Amino acid sequence: MSGLVVLLLLLQVTSLSCLEDAPTGHHQPLGGHRPPDVHIDDTDTPPDPRTFWEKYVKPGKPLIVREALKHSPAFNLWTTEYLKENYGDLEVRLEGKLDKEYGIKIPIGAKGMGRDTIGNFIDTYQHTNKYIVSQLPEPMYKEVKALPSMQCGTLKKSMVEIDLWMSSGNSRSVLHKDAFNTWNCLLSGTKNWKMVENKYEKLIYKAWESERQIGGYSTINATKVDLLNQPMVRYVRWANLTINAGDCLFLPASYYHQVNSVGDPNIAVAMLFSRLFEFDDTGCDEAELKYTPLNEMEITWNWLGHGNMTMGHTDHTGLRFNLLRTVRHYGKFKLKDMLREMTLFDPAVKADKGIKWFDILDVKHKGFLTEEDVEELDIGTLRKFILTVEEVDPSNVDGLAEYYFIPEGHIELLVNALMRETDTVQERNLLTITWRKWAAVTSKEKRYLTISAKARTTLPPMTSKET
């Protein structure tokens, strides 16, 4: 018995010694390792488009514009009562919190798994684990205004999609980055942002993702950072800022951020625009720089509030930029060049797809494309090309009653288990064992699994975006 006591005392002393040696900020929320010392510009007046491009978009520098959203009717109108009465039948996409055992549990709404009406959401969101992350239905555009900074030149034509976020507050995100430039505008509640420049990406233990992915996230536990196992975080400088109702934050593409939301309801609108590499200021001298309703803006992807969403697709401005760069390389871009580019991107793609894709772009039926041809492609043609090339996200599909996301760690465990039994992982075996495991989540509901990765002898770590 005395030996056991001595052992316990030694373990306690060792534990206390480890705590004393732990670096500053260990097991504290993100940012506990050092005070925030990255300056973020803060203004009451939105910059003109040229200034916005030169000082913020081009260098990837955030900007806060205080009370910008107070110019929108939505700021005063969008109470829960108003939203239910005027837009209650419109549909929205739902998300839920991560479950350690079963992955991301997709909430069930009035329209099925992952889909609700605004009216039903307002009736139930305070008592269930769900929140809205959805395209903003187009009928609501007229009550939200884009900033004057977006009203001329390339910026005016760069809007990709408009998203709606709504929760009961007390929610937090992981440390992550987004693919597009974004104006995050808060209608109700408060959001605290912790922001980290992309140059520190190698220090924040980014989760593995395909090289084709532009977004990404960190494996750091933002509520309890483990500086013993993730020591490089100590060298990360960061910014801390608070966005209040009415404020808009310009978040550059690929700028890491972690957000804590408080206030019930917490409602925000995100205006996504392209990753821009150049700015054409044609028309800026004559343009009327004013707050402009979204229904008067050119936006790549819109949604009426019913049917299939178009959330998450490539933007037409970025597509045109990449097509121009490719055409300049070839001089005259022909079908054989399209097939070559396709093979470089994905060796498994079939030639008939390339023929179909090229036919969409070759609207003049010349058999080749020039820079002038690409410049003249209208937004409808570019949308058609994108929808033909890109796969449909199951969460966007109307009538897909059920689907389920499985965390990458679980897939990896399943593959490792199969590898111990055989030298080759067969797709059939992987799908069978995955189906059996997650079909048992509930006896009442069948879960449809979407696994995009092909079975192979070795499998790199996957992310939930690829599962």
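The numbers here are math on the coordinates, done by the rules we state, and not lab data. Remember, predicted model here, so these are calculated numbers, not experimental data. Cβ: placed from backbone, ideal geometry, glycine included. Neighbour counts: every protein chain shown.
Could you work out how much longer the chain between residue 50 and residue 349 gets when fully extended? Use 0.36 nm per residue separation minus the Cα distance between them, nm to one decimal.
103.5 nm
Contact order, relative form, for the stretch 331-405: 29 percent (alpha carbon pairs under 8 Å, 6 or more residues apart, mean separation divided by residue count).
Of the peptides 260-267, 310-317, the ranking by mean beta-carbon count within 10 Å, highest at the top, reads 310-317, 260-267.
For the listed residue pairs 70/111; 206/384; 336/384; 290/384; 334/356; 70/199, the alpha carbons are over 23 angstrom apart in 70/111; 206/384; 290/384; 70/199. Starting from the Cα gyration tensor of the stretch 214-349, take the square roots of the eigenvalues, sort them a ≥ b ≥ c, and report rounded, prolate or oblate (rounded when a/c is under 1.5, otherwise prolate if a/b is larger than b/c, else oblate). Verdict is oblate for the stretch 214-349.
Above 17 Å, the calculated P(r) of the stretch 134-199 contains 56 percent of its Cα-Cα pairs.
Label positions at residue 89 and residue 39, each projected 7 Å from the Cα along the C-beta direction, are separated by 5.4 nm. Net charge of the neighbourhood of residue 307, taken over other residues with C-beta under 12 Å away and scored Lys/Arg +1, Asp/Glu -1, is -1.
Multiplying each eigenvalue of the alpha-carbon gyration tensor of the stretch 278-353 by 5 and taking the square root yields semi-axes of 33, 22, 8 Å, largest first, rounded to whole angstroms.
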